[in-house]
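See structure below.
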Amino acid sequence: PRVELAWAMKAHQHAQVYFNLISSVDPKFLNLTKVDDQIYSDFRRTFRELKIDVLDPEDLKSEPAKEKWRPFCLRFEGLVEDFNYGTLLRLDCSKDYTEENTIFG
């Protein structure tokens with residue numbers, strides 16, 4: 001539990017920084033890593049059916065989902081710092097970060 005809390009706190013801090021960044025810059029001009037285009041292409045190819053505007057937690061945390069997410073993340077080992085780091089996600093992209101609308105993935 002102590003390690004999970006530390007990860008969650010770090011994820012929260014990252015989420016605040018990135019939210020401020022993406023809220024102040026037009027996303028089409030924003031690159032968070034040198035391989036953003038590759039990550040996005042691989043993501044869309046791997047998760048073709050994933051509905052991203054309103055996420056279902058089962059699509060992130062179920063055992064079948066984890067079997068897809070692990071190999072996807074491992075593709076970026078050595079290319080992206082903290083390639084397997086957890087993140088806070090809004091379940092519904094049209095709503096703010098709230099306890100009810102946020103999941104740690």
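The values are calculated or read from the model by the stated rules, or taken from the named source; none is laboratory data. Everything quoted here is computed from the prediction, not taken from an experiment. Glycine also receives a Cβ, built like all others from the backbone with ideal geometry; neighbour counts cover every protein chain displayed. Side chains are part of the model used for accessible areas, which takes the heavy atoms of the whole protein and leaves out ligands, DNA and RNA. Shrake-Rupley method; radii C 1.70, N 1.55, O 1.52, S 1.80 Å.
Worth a mention:
- Cβ separations smaller than 7 Å between residues 6+ apart or across chains give the following pairs from segment 84-100 residues that are under 14 Å from MET9 (Cα atoms) to residues that are open to solvent by 60 Å² or more (accessible area, probe 1.4 Å) and assigned to a strand (DSSP E or B): GLY86/PHE104; LEU88/PHE104.
- Test: residue in segment 22-29 that is surrounded by 12 or more Cβ atoms within 10 Å (Cβ to Cβ) and in contact (Cβ under 8 Å) with a residue 12 or more places away in the chain: no
Residue-by-condition table, conditions (1) touching a Pro at 6+ places or on another chain (Cβ under 7 Å); (2) surrounded by 10 or more Cβ atoms within 10 Å (Cβ to Cβ); (3) assigned to a loop (DSSP other than H, G, I, E, B); (4) aromatic (Phe, Trp, Tyr):
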position	(1), (2), (3), (4)
GLU4	no, yes, no, no
GLN38	no, yes, no, no
ASP42	no, yes, no, no
ARG45	no, no, no, no
TRP69	no, yes, no, yes
PHE76	no, yes, yes, yes
GLU81	no, no, yes, no
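- Of all residues in segment 50-67 being touching a residue at least 40 places away in the same chain (Cβ under 8 Å) and part of a helix (DSSP H, G or I), the one that is farthest from the chain's Cα centre (by Cα): LYS61
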